[in-house]
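Read the structure below first, then the notes.
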Amino acid sequence: MKKYPMIPLQFKRRPVHDMEKTARTFAEELSKRRTVREFSKDEVPLSVIKNCLKAAGSAPSGANMQPWHFVVVGDPEIKRKIRQAAEEEEREFYAHRAPGEWLRALAPLGTDEHKPFLEEAPYLIVIFERRYGVNEKGERIKHYYTSESVGIATGMLISALHVSGLATLTHTPSPMNFLNDILGRPANERPYLILVAGYPADGTKVPDIKRKKLDEIASLL
């Protein structure tokens, strides 16, 4: 296996006070991020979405396989098809498949099988996990740590969209195989989640939830 050529790292140390300010500002900005379910139909510049995808594509991945594919859906008819298929799965989920414990956990958030945001938001970003690659000969190329890699890229995408001025919602209907059919994606890709992106609707309200404090989520040894 041929090794990658080595190039100088593009890295510059910053003054400590700049580092502290940047880290504090970033943490404060992300602390304002909230999942929303009511979206404005106002258009969003596609250039913003593209640059956020570039940021997500810079995520680390197992053996640098970059096992993700992002499908940006802005077409109203495709969004309608996705909503119809998702709501069909969600009706079955809420009525029959969901464990009682999970339904009780969801109850305070007020979610149900109705997903109008899938049509209202200007963009759906459907994220696929590429389980394996395929070379020119049709042979499989093994990918490593695919779920972890796609999860990191997804987190970076959500952060990028937020700091760019957009609201998001992660949606995971179960099962999601219908997304391969609607979007024409190959069998080696598995739907990871639907990321709804756009401006929040005027007057949007969100549950008054609290985030855990630092000492509850981290140990400093």
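The values are calculated or read from the model by the stated rules, or taken from the named source; none is laboratory data. Not measured: the values here are computed from a predicted model. For neighbour counting, all protein chains shown are included, and Cβ atoms are generated from backbone atoms with ideal geometry for every residue, glycine included. Just the protein is used for accessible areas: all its heavy atoms, side chains included, with ligands, DNA and RNA removed. Shrake-Rupley method; radii C 1.70, N 1.55, O 1.52, S 1.80 Å.
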- If you check every pair at least six apart or on different chains, which have Cβ atoms under 7 Å apart with a residue in the range 101-129 that is farther than 17 Å from Val196 by Cβ first and a residue that is outside any helix (DSSP H, G or I) and open to solvent by less than 40 Å² (accessible area, probe 1.4 Å) second? Glu129/Pro67; Glu129/Trp68; Glu129/Glu189
- Query: Can you tell me how many residues in the range 179-213 are within 17 Å of Arg80 (Cβ to Cβ) and either in contact (Cβ under 8 Å) with a residue 12 or more places away in the chain or open to solvent by less than 80 Å² (accessible area, probe 1.4 Å) (or both)?
  - Reply: 7
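Test of understanding: among Ile152, Ile182, Ile158, which residue is part of a helix (DSSP H, G or I), touching a Pro at 6+ places or on another chain (Cβ under 7 Å) and either farther than 24 Å from Ala56 by Cα or of a type outside the set (Ser, Thr, Tyr) (or both)?
On the way: Ile182 fails: touching a Pro at 6+ places or on another chain (Cβ under 7 Å); Ile158 fails: touching a Pro at 6+ places or on another chain (Cβ under 7 Å).
Result of the check over Ile152, Ile182, Ile158: Ile152.
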- Message: Whether any residue in the range 57-64 is free of Cβ contacts under 8 Å to residues at least 24 places away in the same chain, hydroxyl-bearing (Ser, Thr, Tyr) and open to solvent by less than 70 Å² (accessible area, probe 1.4 Å) is what I want to check.
- Response: no
- Task: Assess whether Ile125 counts as being open to solvent by 30 Å² or more (accessible area, probe 1.4 Å), in contact with a strand residue (DSSP E or B) (Cβ under 6 Å, 6 or more places away or on another chain) and part of a strand (DSSP E or B).
- Result: no
